[in-house]
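Here the structure comes first, spelled out in structure tokens, and everything after it is commentary.
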Amino acid sequence: MQPVKLLELRVKVPSRPLILPGTAAEIARDDSRLGQRAIPAPYALPVGFAMFLAVGTLAAGLHGRLPATGVLIACATVAGAMSFAAEPIASVLLAGIGWLTAVGFSRPPYAQLRRRGRPRCTRPSSSA
């Protein structure tokens, strides 16, 4: 074991043994090779969601002239571009919201919820 030296600023590198810690400059040099090319998720998600909103607005504004395949391709393009630029965890949410946008704006009536199945008949209560 090495004695503690207060004049040297040394930081423990997890991949090295405890006896041989690395200096702060060595750690910075190792980390600079990795680089951070990804946009953090808190910034990438609102931008991606705004782009999906623009695709949906365009599809609804064209009143069916943009076919369902076009909406799907536009959403896939937005999701792919933002997933490439953002952190990996953001791509899951971008893909999910992209799918919901494609489903919601593929055909009229746009983004309106509809019931499936038989409607229930309610009998009026008799007051006798």
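Scan around Ala86 for amide H atoms under 5 Å from its own, H built in the peptide plane at 1.01 Å from N, and keep only partners 5 or more places away or cross-chain.
Distant-sequence amide H within range of Ala86: Ile39.
Given a 1.4 Å probe and heavy atoms of the protein chains only, how would you sort Tyr43, Tyr110, largest accessible area at the top?
Tyr43, Tyr110
Evaluate E = 1/(1 + (r/R0)^6) for Ala81 and Tyr110, where r is the Cβ-Cβ distance and R0 equals 25 Å; express this FRET efficiency to the nearest 0.05.
That pair, Ala81 with Tyr110, gives E of 0.60.
Determine the shape class of segment 40-108: with a ≥ b ≥ c the square roots of the Cα gyration tensor eigenvalues, call it rounded for a/c under 1.5, and otherwise prolate if a/b is greater than b/c, oblate otherwise.
Judged from the Cα gyration tensor, segment 40-108 comes out prolate (a/c at least 1.5, a/b above b/c).
The values are calculated or read from the model by the stated rules, or taken from the named source; none is laboratory data. Just so it is clear, the model here is predicted, and its values are computed rather than measured. A quick note on method: Cβ atoms are made from the backbone with ideal geometry, for glycine too, and the neighbour counts reach across all protein chains shown. Surface areas here come from the heavy atoms of the whole protein model, side chains and all, with no ligands, DNA or RNA. Shrake-Rupley method; radii C 1.70, N 1.55, O 1.52, S 1.80 Å.
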